[in-house]
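**Student:** Sharing a structure, written as structure tokens. Questions coming.
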Amino acid sequence: MKLRVLLLSLGLTLTACFSGCVSASDHSTTKQPTTGQELIDLKNAYDLGALTDAEYEVEKAKILNQRTQ
């Protein structure tokens with residue numbers, strides 16, 4: 001019984017630590033993908049057949065235009 005309580009306590013402690021609930025700060029950062037990475041991802045989707053030629057060109061233009069604004 002003591003072992004069971006100890007394991008449960010340890011599990012709860014580890015869960016709290018790894019879930020971020022017991023974080024000293026609440027800073028979350030989201031990295032914006034680079035233009036190059038977005039173009040690579042788009043090309044991969046196109047190569048896999050997820051986009052038509054027209055869709056690929058439209059999305060590519062959007063990516064390139066959003067960086068120049």
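The values are calculated or read from the model by the stated rules, or taken from the named source; none is laboratory data. No experiment lies behind these values; they were computed from the predicted model shown.
**Student:** Those residues that are more than 21 Å from the chain's Cα centre (by Cα) and part of a helix (DSSP H, G or I), I need them from the range 47-59; list them, please.
**Tutor:** 47, 53, 54, 55, 56, 57, 58
**Student:** Take residue 31 and decide whether it is within 24 Å of the chain's Cα centre (by Cα), on the phi < 0 side of the Ramachandran plot and modelled with pLDDT of 95 or more.
**Tutor:** So residue 31 fails the test.
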